[in-house]
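Since the structure comes first, as structure tokens, the remarks are kept for the end.
Taken together, the values in this text are just the output of simple stated rules run on the coordinates, not laboratory data. The structure presented is a predicted model; accordingly, all values stated were derived computationally and were not measured. Cβ sites come from the backbone with ideal geometry, for glycine too, and all protein chains shown count toward neighbours.
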Amino acid sequence: MKLRLAAALCGVSTMLAFAPLAHAQSGIASIYSGGRTANGEHASPRGLTAAHRTLPFGTRVRVVNRRNGRSVVVRINDRGPFVRGRIIDLTPAGARALGFSGLTQVEVVPLRG
């Protein structure tokens with residue numbers, strides 16, 4: 001009985017470990033800072049965090065600037081952007097790491113773990 005339960009639990013955890021994450025998205029990134037985030041944190045302009053409309057808080061994503069190839073890993077801690085065509089809002093530190101100011105074309109890839 002214990003062996004079957006252990007095997008069943010192992011199978012469930014294996015299935016969860018390999019569950020697919022959201023697919024990569026391409027679109028426009030913008031810059032934002034200040035105030036409180038949707039998860040209650042203070043939005044630090046020096047932090048590597050971002051706002052996304054649907055990804056769960058705490059999700060780490062790799063953001064790649066499609067114009068220059070630079071990338072940065074940021075943590076989702078806010079909701080937005082709420083402007084048509086934009087897929088992610090980055091802090092000034094994230095934008096600096098990607099080498100842009102204003103708007104740029106990016107690819108957003110959710111990371112495991």
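Table: residues versus (1) more than 15 Å from the chain's Cα centre (by Cα); (2) surrounded by 13 or more Cβ atoms within 10 Å (Cβ to Cβ).
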{"site": "Gly47", "(1), (2)": "no, yes"}
{"site": "Ala51", "(1), (2)": "no, yes"}
{"site": "Leu55", "(1), (2)": "no, yes"}
{"site": "Val63", "(1), (2)": "no, yes"}
{"site": "Asn68", "(1), (2)": "yes, no"}
{"site": "Val72", "(1), (2)": "no, yes"}
{"site": "Arg79", "(1), (2)": "no, yes"}
{"site": "Gly102", "(1), (2)": "yes, no"}
{"site": "Arg112", "(1), (2)": "no, no"}
Considering only the stretch 23-68, state which residues are within 21 Å of Gly85 (Cβ to Cβ), of a type in the set (S, T, N, Q) and assigned to a strand (DSSP E or B). Gln25, Ser26, Ser30, Asn65
